[in-house]
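Okay, structure first, notes after.
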Amino acid sequence: MSTAASLLAGGIAAGLVAGTATCTATQGGLLMGLAGRPHGRDPALVGWFLAGRLASYTLAGALLGLLGSAISPPPAARAALLVAAGVTVIVFAVRVMRRGHCAAPRDGQVSRYKAPLLGAATILVPCGVTLSMEMIAVSSGSPLAGAAAMAGFVAGTAPAFALLGYVLRRVSRTRLARLTGLVAIAAGLWTVGAGLNLGGWLPAAPPPAAARPVSTTVTVWATRDGYRPAMVPAPAGVPVEIVFKQADRGCTGTVVIGGRDMALPATVRLPPQPPGTLRYVCGMGMYAGFINFS
């Protein structure tokens, strides 16, 4: 129960901090399609939309937690999914801006049965933060903990979706489509960049010069803003121990190093390394750090 409560709180924090902009930009099109119909101005429909979203995410979290690490995709696969998701979002945004509105059901009536179905369908349009939460649900190895993580994430993003539903009832669909399209393009580019970073497919900038290493044990703190220090020195040619400690909850709580996922806190023992730089990233590809061997 304590693990589930912790993941619930972490999911809420991730939804409020990281998921608000990206998820409303990538998944808001379904809500726009709902509220853009003549009968879609009912405020209760937004509530039904959010209820469907909560149900689908909670069920998905329980299933992912049940299946556990058996289906956990490797970092390279997650990176490819992020790139594909980002490209899909950009294509969707361009289409929305060209049409001046979002797709909606063709019939004039939007029932309270269709609203939760549209909300549930948002799980099929994952943003980068959603993929990270799904990975956390898988790594939990528990249906209850996985469901708690995903439900908390939906709860954290609910205020942004509710606000979007309020704005949709008062703003021109054409103007809103243009604004949403621009935000979605930015979110798509961000998601593509995160995928490229996670996969190590971006050219790495040379790290800043470091002081001469004096210890075979280095400590790195994971904060909500990245890893501190972002670059640490270590001696080459001897085994090195990297101690990852967690200062804040967030995507930096999972680190990808050497092609493997590590849940923090963790200690990574490396065999002797040649002179050079070892790069690691968070589980979402947002933040990177470097170990400079010399």
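Read the figures in this text as sums done on the coordinates, not as results from a lab. Computed from a predicted model, the values in this text were never measured in an experiment. All Cβ positions, glycine included, derive from the backbone under ideal geometry; neighbour counts span all protein chains shown.
Report note on the peptides 76-82, 148-154: ranked by the mean count of other C-beta atoms within 10 Å, highest first, their order is 148-154, 76-82.
Peptides 262-273, 218-229 ranked from most to least packed by the mean count of surrounding Cβ atoms within 10 Å: 218-229, 262-273.
Taking 0.36 nm per residue of sequence separation and removing the Cα-Cα distance, the Arg224/Arg279 pair yields an extension gain of 18.0 nm.
Evaluated at q = 0.17, 0.25 Å⁻¹, the base-10 log of the normalised Debye intensity for the stretch 230-294, with identical point scatterers placed on the Cα atoms, takes the values -0.56, -1.13. Gain on full extension, evaluated as 0.36 nm per residue between Ala76 and Ala51 minus their Cα-Cα distance, stands at 5.7 nm.
Between Ala121 and Lys245, the contour length at 0.36 nm per residue exceeds the alpha carbon distance by 41.0 nm. Amide H to amide H, with H built 1.01 Å from N, Gln273 comes under 5 Å of Gly237, Val238, counting only residues 5 or more places away or on other chains.
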